[in-house]
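Below is one structure, written out as structure tokens; comments come after it.
Just so it is clear, none of the values below were taken in a lab; they were calculated from the coordinates. Keep in mind the model is a prediction, meaning the values are calculated, not measured. FYI the Cβ positions are ideal-geometry reconstructions off the backbone, even for glycines, and counts take in every protein chain you see.
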Amino acid sequence: MVNDEVTTALAEGRSVVALETTIVVHGLPAPINIEVAEQCETAVRSSGSVPATIGVLDGRVVVGLSGAELEQLAEPSRHAAKLSARDLGLAIGTRRDGATTVAGTIAVAHRIGIDVMATGGLGGVHRGRAESYDESADLTAMSRTSVLVVASGVKSILDIGATLERLDTLGVAVAGYRTRQFPGFYRTDSGFAIDWSVEDEVEAAAAFRAHREFSSTGFLLANPVASERQLDGTLHDQALASALEKARTLGVTGKEVTPVLLAEFARFSAGVSVRVNRDVVVANALLAGQVAAAFAAANS
Ligand code: PSU
Ligand code: MN
């Protein structure tokens, strides 16, 4: 089900930005989760684009969830599943509720002609993956789905160097927004350099358009958090150590890992990481709206 506003925008060739719901349901604590979702929609609108928040309710894919539908999806008693691309058909067939990850969201977006999405941090290669084999399906989804994803790099809980190598192998285009340093999610700079940067939304849109001529893979536009808004370096490193230890002692695996790590960051930093996460996601929604508008303008 695609809501009327998104249907009309797509038919008229206006710009639309897909927004995911895993961050709302499994990534951020209530009640700030719903506030962040609303702020993302407002940010997309301020750029002249139309937001399309995506999720699955009772086995129905909804593109452009209303506020009431989003509240329903985030209601803890409904136990919405975390849906990567491979889970979509199962959630539909078994009539479940589910929140979409980046992988799940771009699968839906691409199917209906939405070219741009925003998230906080892309999934990637987990630390210790030699033993766990844990690498986010966001990466392989990006390797086969022609969507531009605005993210503040990948979450700093991950093995960032390994993730950048996988993005290279998988043929995913990576560009920094006004930087050649790969962002570190809660931190402005992950310490890893990247080869390309774009200076504005017009350059980003032009690069994505040209990328599409030669490749069917996705495009990661890496937008760093403003340095004055980032998490303090020492606090970050201590929270990270605590989060990794927590996940290890709890023995969590699979799709539980990322939510547990983010929750421990929030506890350890007394909520500061949640504030940074909000800033990151809302800024990415705004930039995604601007890039989508530039992309649509060049199309018409
Ligand atoms: N960005 C955030 N918070 C999140 C996520 C991204 O700021 O919770 C979510 C996205 O939905 C992403 C998912 O696709 O984390 C990755 O989960 P996993 O590592 O299990 O693939
Ligand atoms: Mn995983």
Please find the FRET efficiency linking residue 299 to residue 8, where r is the Cβ-Cβ separation and R0 is fixed at 22 Å, and quote it to the nearest 0.05. 0.85
Within 11 Å, Cβ to Cβ, of residue 233, how many net charges do the neighbouring residues add up to if Lys/Arg are +1 and Asp/Glu are -1? -2
If the only charges are +1 at each Lys and Arg Cβ and -1 at each Asp and Glu Cβ, what is the size of the charge dipole of the chain around the Cα centre, to the nearest 20 debye? 460
How much FRET efficiency would the formula 1/(1 + (r/R0)^6) give for residue 232 and residue 267, where r is the Cβ-Cβ distance and R0 is 22 Å, rounded to 0.05? 0.85
What net charge is computed for the residues neighbouring residue 10, neighbours being all others with C-beta under 13 Å from the C-beta of residue 10, Lys and Arg scored +1, Asp and Glu -1? -2
In whole Å, what are the Cα extents of the chain along the three principal axes, biggest one first? 52, 45, 34
How are the Cα pair distances of the range 45-94 distributed, in percent, across 10 Å bins from 0? 24, 50, 21, 5
For the range 203-208, just list the computed ³J(HN,Hα) in residue order, Karplus coefficients 6.51, -1.76 and 1.60, θ = phi - 60°, integers in Hz, with x standing in for Gly and Pro. 5, 4, 5, 5, 5, 5
Whole-number Å³ per residue for the convex hull built on Cα positions in the range 218-273: 96
From the Cα trace of the range 201-297, what convex hull volume per residue do you get, rounded to a whole Å³? 127
Distance in nm between pseudo-label sites at residue 127 and residue 195 (7 Å out along the Cβ direction from Cα): 2.9
Using a/c under 1.5 as the rounded threshold, could you call the range 10-133 rounded, prolate or oblate? The axes a ≥ b ≥ c are square roots of the C-alpha gyration tensor eigenvalues, and prolate needs a/b larger than b/c, oblate otherwise. rounded
Among 121, 109, 147, whose Cα lies farthest out toward the positive end of the dipole of the range 94-147, if unit charges sit on the beta carbon of Lys, Arg (+1) and Asp, Glu (-1)? 109
Placing +1 on the Cβ of each Lys and Arg and -1 on the Cβ of each Asp and Glu in the chain, which of 46, 221, 258 has its Cα farthest towards the positive end of the resulting dipole? 258
Binning at 5 angstrom from zero up to the longest distance, how are the C-alpha pair distances of the range 111-191 distributed in percent? 3, 15, 26, 27, 18, 8, 3, 0
Can you tell me what share of the DSSP beta bridges in the chain is antiparallel? A percent to the nearest 5 is fine. 30
Which whole number in µm²/s is D for the range 191-241 by Stokes-Einstein, with the Kirkwood Rh taken over Cα pairs at 4 °C and 1.567 mPa s? 94
Tell me, in nm to one decimal, what length is gained between residue 180 and residue 241 on full extension, where the rule is 0.36 nm per residue of separation less the Cα-Cα distance? 19.3 nm
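So, by mean Cβ neighbours within 10 angstrom, what's the order for 20-31, 189-200, 130-141, 78-89 with the highest one leading?
Peptide ranking by packing, descending: 20-31, 78-89, 130-141, 189-200.
Would you tally the net charge around residue 163, using a Cβ to Cβ cut-off of less than 12 Å, leaving residue 163 out, and scoring K and R as +1, D and E as -1? Mind showing how you got there, number by number?
On the way: positive: 127, 129, 155, 166; negative: 134, 135, 138, 159, 165, 168.
Here the count lands on -2.
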Spin-label model distance (nm) - residue 46 vs residue 168, 7 Å beyond Cα toward Cβ: 3.7
Modelled label-to-label distance, residue 214 and residue 66, 7 Å Cα→beta-carbon offset: nm? 4.7
